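Since the structure comes first, as structure tokens, the remarks are kept for the end.
All of the numbers you see were taken from the coordinates with simple rules; none came from a lab. From a predicted model like this one, the values you see are computed outputs, not experimental measurements. Note that we place each Cβ from the backbone using ideal geometry, even for glycine, and neighbour counts take in every protein chain shown.
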Amino acid sequence: MKKYQTIFFVFAIVPFLISGIIRHDREKAEYLELANKKQFDCVGQIQTNRELTGSAILINKNHILTAAHNLIENDIQVDTIDNNGMIFYANVPINHRIVNIDSVKFCINEIEYPISKIIIHPNYLKDFDAGEHDIAIIRLENPISDIKPAKINDQKNELNSKVVGVGYGGFGIGNKDGLTFANEKIAGQNVVDSIGGQKINGLYNFLYCDFDQPNTSDSNKMGSPEPLDLEYLCGAGDSGGGLFKKSGQNWALVGICKGSEFDHRQFQKTKHYGQIMRWTRVLPYKEWINKNCL
């Protein structure tokens, strides 16, 4: 019986890692409306073998930016994980490799675009398991000229900034378990509460935001406990999606969605509230991006 319960917990937590979650006191339609703003037209989907594997951002007419892990395939082996004394069975990926280029499409405005080249950051390839440098460039086979590309951020002022995350992922409510997957583009607001990770060109390479709960500070992990009007939490379904910051009348791409860090004990208390999402900071990689988009 004990073994059965342990396995149940594993399958229960897996979906929570692949979802985009909104406030329980807001309507989904508000988040969908935000995602459909003109400035976020540059966000599309990555499809591998006709299946959605994540999101991506058009950064010029010939190139898109995404999370490197969207373009990696692997084999699976069953293993055990000790989480503070609680033992879980889990499917662990092994034998990592880059996907076949012919299997990948970029989909935007319901149009599929074939690709001609995949460029994974070299430091990601050196250590798949570490998950650092989770960024990749894809060269399109044909240019996209009817959509305005995202502008890459060139300022070091992301900390404490109000930002908007945009991507395709599962949908859920902050204080509930249930999720739905309807292939919808959802956007939400948050604040860059912390910057950390490794230093690349003198700059830390991760941006962190927590999912704050309305009317209580019990789930706050960092920064202000006050949620924004359309506060949300991203996850692996949104992986490769964009984090945008407004400066004056213009929007700039400051981060690429890496996913949410799942805290099981926090989930038992407040469901999705209090979870932390992590974004690959674009600025430290700007030189690498420019070099590979020539």
request  = Report, in deg cm²/dmol and to the nearest 500, the calculated mean residue ellipticity at 222 nm for the chain, where each DSSP H run with n ≥ 4 adds -39500 (n - 2.57) and the sum is divided by the residue count.
outcome  = -3500 deg cm²/dmol
inquiry  = So if each residue of separation counts as 0.36 nm, and I subtract the Cα-Cα distance between ARG139 and ASN201, what length gain in nm does that give?
reply    = 19.9 nm
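Report the local net charge at HIS24: Lys and Arg +1, Asp and Glu -1, summed over other residues whose C-beta lies under 10 Å from its C-beta. Show your work: numbers first, answer last.
Numbers: positive: ARG23, ARG26, LYS176, LYS271; negative: ASP25.
Neighbourhood net charge equals +3.
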ask   = Whose amide H sits under 5 Å from the amide H of ILE135, counting only residues 5 or more places off or on another chain, with H placed in the peptide plane?
value = ALA68, HIS121
remark   = If one builds a Gaussian network model of the chain from Cα atoms under 10 Å apart, the most fluctuating residue listed among SER161, SER219, SER55 is SER161
task = Specify the residue with the greatest mean-square fluctuation among THR53, THR80, THR180, computed from a Gaussian network of the chain linking alpha-carbon atoms under 10 Å apart.
result = THR80
request  = Just order 239-248, 263-272 by mean Cβ neighbour count inside 10 Å, highest at the front, would you?
outcome  = 239-248, 263-272
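Between their Cα atoms, which of LYS151/LYS269; LYS38/LYS286; LYS117/LYS185; LYS28/LYS269; LYS258/LYS291; LYS28/LYS156 are more than 30 Å away from each other? Write out the running numbers ahead of the final one.
Numbers: LYS151/LYS269 39 Å; LYS38/LYS286 24 Å; LYS117/LYS185 25 Å; LYS28/LYS269 23 Å; LYS258/LYS291 22 Å; LYS28/LYS156 32 Å.
Long pairs (Cα-Cα over 30 Å): LYS151/LYS269; LYS28/LYS156.
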message = Give me the one-decimal nm value for the distance between modelled label points at GLU51 and THR180, 7 Å along each residue's Cα-to-Cβ direction.
response = 2.3 nm
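Using only alpha carbon pairs under 8 Å that are at least six residues apart, calculate the relative contact order of segment 2-292 and give it in whole percent.
Dividing the mean separation by the residue count of segment 2-292 yields 23 percent.
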inquiry  = Take SER103 and ASP218, extend 7 Å from each Cα along the Cα→Cβ direction, and tell me the distance between the two endpoints in nm.
reply    = 4.4 nm
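Considering only the chain, what is the antiparallel percent among its DSSP beta bridges, to the nearest 5? Before the final figure, lay out each step's value.
Working: 74 of 81 bridges.
Of those bridges, close to 90 percent are antiparallel.
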Among (i) 6, 22, 30, 24, 12, 5, 1; (ii) 6, 29, 37, 22, 5, 0; (iii) 6, 20, 23, 19, 13, 8, 5, 4, 2, 1, 0, the entry derived from the coordinates for P(r) over Cα pairs in 10 Å bins from 0, in percent = (ii)
